[in-house]
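Okay, so here's the structure we're looking at.
Bear in mind that the values in this text are calculations on the coordinates, not laboratory data. Since the structure is predicted, the reported quantities are computational estimates derived from the model, not experimental observations. Here Cβ is always computed from backbone atoms with ideal geometry, including for glycine, and neighbour counts include all displayed protein chains.
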Amino acid sequence: MEVILLEDVKSLGKKGQIVKINDGYARNFVLPKKLGLEATPKNLNDLKLQKAREAKEAAEELQAAKELAVKVEEKPVRLTMKTGEGGKTFGTISTKEVAAAAKEQLGLDIDKKKMKLDEPIKTLGNHIITVKLHKDVTAKLTVSVGESK
């Protein structure tokens, strides 16, 4: 019997795959536990339409991420830090502050967890932060840190 898997099954295959299994295994295990559907022409057509829809949505997400990457790289985000004598800074700037400033200044809603910052910013000047917007799209956000008065 051919079955379309609805979930990943360790010994059979991945979700969306069409696998040939024994009739008893299908009737007694896979179908009752809703792990798969019988591969009828209607179910095969539904699977094909679902895969086409998922591919279209993935392409739209990729395009949106590319457009956001262009916007992120266009303008820098400006932040300020308190400094003492000799240019010594007090405190640090983390991705949380950068995300809030990007939302306020550029109107971009960037998740702080998607920003890669090895250690918090402790110095004045320009810093580059890598932002992972999609599995295939990364952008470089420039953060300009100035002295607050």
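Miscellaneous remarks
- In segment 36-136, GluC sites (Glu not before Pro) in a DSSP loop with at most 14 other beta-carbon atoms within 10 Å: none
- Computed on segment 2-65, with alpha-carbon pairs under 8 angstrom and 6+ residues apart, the relative contact order is 31 percent.
- For the chain, the relative contact order is 20 percent, taking Cα pairs closer than 8 Å that sit 6 or more residues apart in sequence and dividing their mean separation by the residue count.
- For the residue pairs K71/K132; K66/K112; K66/K135; K96/K135; K88/K114, the C-alpha atoms sit more than 23 angstrom apart in K88/K114.
- Summarising the label geometry, the points placed 7 Å from Cα in the beta-carbon direction at F90 and I18 lie 6.9 nm from one another.
- Distance-filtered residues of segment 83-104 - backbone nitrogen under 19 Å, label point 7 angstrom along E147 Cα→Cβ: 83-93
- Overall, the chain carries a charge dipole of about 200 debye about its Cα centre when +1 sits on the Cβ of Lys and Arg and -1 on the Cβ of Asp and Glu, all other atoms neutral.
- Of the trypsin sites (Lys or Arg not before Pro) found in segment 3-73, those that fall in a DSSP loop while having at most 11 other beta-carbon atoms within 10 Å are K10, K14, K33, K34.
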